[in-house]
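Novice: One structure, pasted below without further comment.
The values are calculated or read from the model by the stated rules, or taken from the named source; none is laboratory data. This one's a predicted model, so the numbers in the text were calculated from it and none came from an experiment. Note: ideal-geometry Cβ built from the backbone for every residue, glycine included; neighbour counts use all protein chains shown. Side chains included, ligands, DNA and RNA excluded: accessible areas come from the protein's heavy atoms. Shrake-Rupley method; radii C 1.70, N 1.55, O 1.52, S 1.80 Å.
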Amino acid sequence: MSVLPLIMAFAAALAGVAQAQVVLNEIQYDPADPTRLEEFIELHNAGPDPVDLGGWRLDDAVTYTFPPGTTLPAGGFRVVAQNPVHFQTKYGFVPLGPWTGALRNSGERIRLRNRSGGVEDEVTYGAGFPWPTAARGTGPSMELIHPSLDNDLGGSWRSGSTSELISRGATGWSYRLGTSEASTPRDAWTRTTFVEDGTWIPAARLPLGY
């Protein structure tokens, strides 16, 4: 029996794993209102192909297993919330969840495992510098600056409240403080056909390097 088909299938499987690039991209571990269960973890697929998350799981800090049929499209995002009802009330869309456990405000490790149990990504976040200090109980989450960065380093993250978004939509150049999602879907604001709502501010002359 020839082993060539088996070798080719194994190589294809390895290529698929290498292209996945699913990362822990955003973490809300200490919401401003401690009486509401608004913690969440966002995943991002930085690879060129969709990923079947069925059977994958979050563990260590919190525990959650992704149900069969859960897909993360190429370039897409998936949010797992501590309490999906509270999350939807605040952010306006339905996340996955709930998970078991809670994220420590002092910091801890979050692991993302594939269905075979292998670690796809992990972050051991902290609550003080160099981790984004504004994410410590003032409202914003912390966001990975770019998916290619080492997300286990505090300097690879920024507070959601410090980012400012620039759009050249249908009404011309505008800017918006990045204290929440700018649009649905998330990347709609990057398109020239995007129409800004009242949260966008018409841009006057801005200083060099803005």
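Novice: Under the rule a/c < 1.5 gives rounded, and otherwise a/b versus b/c splits prolate from oblate, where does the range 76-155 land using the Cα gyration tensor?
Specialist: In terms of gyration-tensor shape, oblate.
Novice: Any idea how far apart Thr70 and Ala32 come out in nm if each label point goes 7 Å out from Cα toward Cβ?
Specialist: It works out to 2.9 nm between the two label points.
Novice: Relative to 2.2 N^0.38 Å, what does the C-alpha radius of gyration of the range 27-132 come to as a ratio? Two decimals please.
Specialist: Normalised Cα radius of gyration, the range 27-132: 1.06.
Novice: Would you mind computing, in nm to one decimal, how far apart the modelled labels at Phe93 and Arg109 are, each placed 7 Å from Cα along Cα→Cβ?
Specialist: So the label points at Phe93 and Arg109 sit 3.1 nm apart.
Novice: If a/c stays under 1.5 just call it rounded; otherwise compare a/b with b/c (prolate if a/b is bigger, oblate if not). Do that for the range 40-102, with a ≥ b ≥ c from the square roots of the Cα gyration tensor eigenvalues.
Specialist: oblate
Novice: If I model a spin label at Ser116 and Ile145 as a point 7 Å from the Cα along the Cα→Cβ vector, what separation in nanometres do I get?
Specialist: 3.3
Novice: Gain in length, Arg191 to Asp49, computed as 0.36 nm per residue apart minus the alpha-carbon separation, to one decimal in nm?
Specialist: Full-extension gain reported as 48.9 nm.
Novice: With all protein chains present and a 1.4 Å probe, how do Trp173, Trp99 order by accessible area, largest first?
Specialist: Sorted by accessible area, descending: Trp173, Trp99.
Novice: Which value, in Å², gives the accessible area per residue of the range 19-99 when a 1.4 Å probe is used on the protein heavy atoms?
Specialist: 41
Novice: Once ligands and nucleic acids are excluded and a 1.4 Å probe is used, how much of Asp60 is accessible, expressed in Å² to the nearest 10?
Specialist: Accessible surface of Asp60 is approximately 80 Å².
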